[in-house]
Amino acid sequence: MKAVMSLASAAVLFSACAQLSTVKNAKPVPPTLGIVSAANLPSEKDQRADPEAALARYLSIAAKAWSDLERDPSNASTLLLYNYSVGRVISLVQETGKLPSAGAVLIGTGPNSYRLTYSSDIKLVADPRNVHLIPADELRIAGKSYSSRVRRDGIGAPVLVQTDAQVRKAREQFLPPGRIYYGMTAILEFQGGQARLIVKDPLASDRVLAAGNNFTLAADFSIGPAAILAKNRPQRLGFIRMIRPAKYADTAMLVRLQPYDPDKIPVLMTHGLQDTAATWAPLLNELRRDPEINKHYQFWVYSYPSGYPFPYSAMLLREELDRVDKTYPHHKKMILVGHSMGGLLSRLLVTDAGMTFWDRYFGKPPDEVPMNAKDKQLLESALIFEHRPDVGRVIFFSTPHRGAGLATTWIGRIGIGLVKLPANLISVGVTATKLLVTPGNSARKPHFPTSIETLSPYNPFVKTLNTLPIADHIPYHSVIGDRGRGNTPSSSDGVVPYWSSHLEGAQSERIVPSGHASHQNQEGMEEADRILRLNLRGEREAAGKPARGHARPTAFVAG
């Protein structure tokens with residue numbers, strides 16, 4: 001909904017390109033404690049002059065630190081030295097072209113030589129010929145979405161892993177198009193003259209067996225998402241995808257933000273009007289601070305051209321979820337998180353419509369409506385549906401359940417005039433409008449409504465939707481902004497008024513001091529964390545397991 005307001009100003013064209021994230025090179029800071037001081041480490045000058053010698057030296061230092069950790073795993077100085085050395089080995093082994101693609105490569109000479117091999121927990125990065133590894137301590141993150149960096153202390157060198165080429169059949173695997181950017185953690189294992197570089201997924205497990213001991217696995221949870229935003233800048237497409245949805249039809253897709261895990265609960269986040277999945281970066285960064293969330297949840301996003309009428313976008317999302325069910329038939333019930341119009345898409349997934357919408361528009365069964373088969377099939381898919389049995393809970397952020405008055409003002413009319421729907425929807429609109437039981441505005445030519453029109457409080461779909469309850473076994477929650485004025489129920493977040501975002505029957509309703517971006521407000525993000533933890537307690541109780549405390553652990557650090 002935020003676009004309905006921002007269309008009043010040409011500044012929207014520039015704000016959409018604001019840098020949400022920047023990732024720049026940085027000098028890693030060597031440890032100053034331990035058995036080897038910074039003065040004994042190869043300098044930058046040494047590394048430039050003879051990178052192979054520097055690689056062999058860092059490999060030997062890492063091996064010595066590994067041996068020391070076997071004897072004393074509690075030595076923090078040795079752990080810092082080990083992690084730092086692993087990071088430099090990663091940089092130098094690529095610079096020298098010695099990252100083994102198969103088998104092993106010999107590094108060093110004499111008694112300090114090591115036979116180095118490589119492996120990965122994730123198939124996509126199992127072949128080092130197709131990826132590039134960048135130690136996270138060599139990268140600096142900044143930008144609107146990353147005021148803090150979420151890391152986990154432990155053993156290993158966090159790295160940004162990026163594929164050198166686009167992933168084949170990415171859509172079939174629910175992966176983003178283009179290159180993959182993902183945060184992982186490198187471990188160097190030593191056994192005699194054997195050295196094994198393993199790149200592990202820190203979201204798969206927070207523990208690792210290393211140097212004969214059980215350690216917390218180090219992680220940098222911000223680096224992967226930050227790199228995606230910095231490299232791809234998806235927020236640039238928010239406005240253009242709204243006004244030219246047909247041109248970007250292939251961008252309607254569900255994307256996994258981490259490898260699929262059948263033991264973790266999917267959290268599906270859906271953005272609103274004139275927005276993209278980039279809007280979820282602050283919330284994802286906040287949730288990554290919570291070890292319980294990382295342990296039990298996996299995050300997905302649904303991105304789509306927001307110029308489509310939202311019932312049509314919900315239809316496309318249902319099709320994506322049908323693919324999910326076929327690909328991952330035993331996935332756990334998902335949690336839906338929707339912001340603004342994305343909340344309306346989420347609501348349609350938990351609503352039993354039956355024939356209600358169809359009858360409201362046409363007044364007779366589909367087989368009695370004189371319409372060509374293709375157009376009729378599209379309308380049936382968009383208007384006739386039941387709730388998704390694979391949904392377990394919903395969180396609505398600033399959702400205009402009863403529409404928003406701005407959609408009917410001159411600002412909304414400008415937006416409507418800018419949106420150019422695809423030919424198939426235009427054709428359906430011309431045909432269907434002539435068959436409606438209650439015709440729409442006669443002053444306008446027969447047409448299929450845009451997303452902005454379907455957000456009007458007077459839209460027949462919106463009015464009918466509010467006569468239908470959410471499936472009674474699916475709990476839902478509301479997070480609503482009041483711009484810090486504390487004037488509920490007469491409040492508004494600046495775009496959606498309280499009377500529209502309030503929903504009877506919600507398990508909880510949280511008013512936060514924010515504008516329309518309640519999902520990026522600190523209190524709103526903390527509420528999302530609370531609800532996800534509440535959901536875990538419900539799952540444990542259903543399984544007969546004891547519930548755990550609600551207090552958030554402090555194992556994560558931000559900086």
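From the list Thr276, Thr351, pick out the single residue that is among the polar types (S, T, N, Q) and within 17 Å of Arg256 (Cβ to Cβ). Explain how you work it out, then say what you get.
Numbers: Thr351 fails: within 17 Å of Arg256 (Cβ to Cβ).
Only one candidate qualifies: Thr276.
Sort through Ala277, Ala281, Ala246 and tell me the only one that's under 22 Å from Arg140 (Cβ atoms) and either in contact (Cβ under 8 Å) with a residue 40 or more places away in the chain or among the hydroxyl-bearing types (Ser, Thr, Tyr) (or both). Even if it seems obvious, please write down each step before you answer.
On the way: Ala277 fails: under 22 Å from Arg140 (Cβ atoms); Ala246 fails: under 22 Å from Arg140 (Cβ atoms).
Among Ala277, Ala281, Ala246, only Ala281 is under 22 Å from Arg140 (Cβ atoms) and either in contact (Cβ under 8 Å) with a residue 40 or more places away in the chain or among the hydroxyl-bearing types (Ser, Thr, Tyr) (or both).
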Of the residues in the range 108-124 that are aliphatic (A, V, I, L, M) and either outside any strand (DSSP E or B) or outside the structural domain of Arg207 (by TED's automatic domain parsing) (or both), the one that is modelled with the lowest pLDDT is Leu124
Inside the range 87-107, the number of residues satisfying the requirement of being hydroxyl-bearing (Ser, Thr, Tyr), closer than 16 Å to Ala54 by Cβ and in a loop (DSSP other than H, G, I, E, B) is 1
Does Ser500 meet the test of being more than 19 Å from Pro266 (Cα to Cα), assigned to a helix (DSSP H, G or I) and assigned by TED's automatic domain parsing to the domain that holds Phe396?
yes
Worksheet entry | Verdict on Ser205 being surrounded by fewer than 20 Cβ atoms within 10 Å (Cβ to Cβ) and at negative phi | yes
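Restricting attention to the range 201-242, report how many residues are over 27 Å from Asp164 (Cα atoms) and among the acidic types (Asp, Glu). Full working, then the answer.
To start, the set of residues in the range 201-242 that are over 27 Å from Asp164 (Cα atoms) comprises 206-216, 239-242.
Applying the additional criterion that residues be among the acidic types (Asp, Glu) yields 206.
Qualifying residue count, the range 201-242: 1.
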The residue that is surrounded by the most Cβ atoms within 10 Å (Cβ to Cβ), considering only those in the range 466-490 that are among the small types (Gly, Ala, Ser) and closer than 17 Å to Ser398 by Cα, is Gly481
Taking the range 332-341 and keeping only residues that are crowded, with 20+ Cβ neighbours inside 10 Å and not small (Gly, Ala, Ser), one is left with Met334, Ile335, Leu336, Val337, His339, Met341
Exception for Thr32 within (1) over 26 Å from Asn232 (Cβ atoms); (2) modelled with pLDDT of 90 or more falls at (2)
The residue that is surrounded by the most Cβ atoms within 10 Å (Cβ to Cβ), considering only those in the range 491-504 that are within 15 Å of Arg347 (Cβ to Cβ) and hydrophobic (A, V, I, L, M, F, W, C), is Val496
Of those in the range 244-265 that are hydroxyl-bearing (Ser, Thr, Tyr) and touching a strand residue (DSSP E or B) at 6+ places or on another chain (Cβ under 9 Å), the residue nearest to Val125 (Cα to Cα) is Tyr260
In the range 205-243, residues that are touching a residue at least 12 places away in the same chain (Cβ under 8 Å), farther than 25 Å from Ser21 by Cβ and not β-branched (Val, Ile, Thr) total 6
For the range 57-86 the number of residues that are in contact (Cβ under 8 Å) with a residue 60 or more places away in the chain, in a helix (DSSP H, G or I) and either among the charged types (D, E, K, R) or over 16 Å from Ala157 (Cβ atoms) (or both) is 2
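Table: residues versus (1) part of a strand (DSSP E or B); (2) among the hydrophobic types (A, V, I, L, M, F, W, C); (3) modelled with pLDDT of 95 or more; (4) surrounded by fewer than 20 Cβ atoms within 10 Å (Cβ to Cβ).
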{"residue": "Ala506", "(1), (2), (3), (4)": "no, yes, yes, yes"}
{"residue": "Met525", "(1), (2), (3), (4)": "no, yes, yes, no"}
{"residue": "Asp529", "(1), (2), (3), (4)": "no, no, yes, yes"}
{"residue": "Leu534", "(1), (2), (3), (4)": "no, yes, yes, yes"}
{"residue": "Glu539", "(1), (2), (3), (4)": "no, no, no, yes"}
{"residue": "Gly544", "(1), (2), (3), (4)": "no, no, no, yes"}
field: Any chance Gly307 is touching a residue at least 12 places away in the same chain (Cβ under 8 Å), under 14 Å from Met242 (Cα atoms), surrounded by 24 or more Cβ atoms within 10 Å (Cβ to Cβ) and in contact with a Pro (Cβ under 7 Å, 6 or more places away or on another chain)
entry: yes
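Select, from Arg444, Arg510, the only residue that is modelled with pLDDT under 95 and either part of a loop (DSSP other than H, G, I, E, B) or farther than 16 Å from Gly272 by Cβ (or both).
Values: Arg510 fails: modelled with pLDDT under 95.
When all the criteria are applied, what remains is Arg444.
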Quick count over the range 377-420, residues being at pLDDT below 90 and either over 30 Å from Asp529 (Cα atoms) or in a strand (DSSP E or B) (or both), is 16
Taking the range 140-160 and keeping only residues that are over 12 Å from Met184 (Cα atoms), part of a strand (DSSP E or B) and under 19 Å from the mean Cα position of the chain (by Cα), one is left with Ile141, Ala142, Val150
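The values are calculated or read from the model by the stated rules, or taken from the named source; none is laboratory data. Nothing here was measured: the structure is a model prediction, and the numbers come from that model. In this analysis, Cβ positions are derived from the backbone assuming ideal geometry, glycine residues included, and neighbour counts consider all displayed protein chains.
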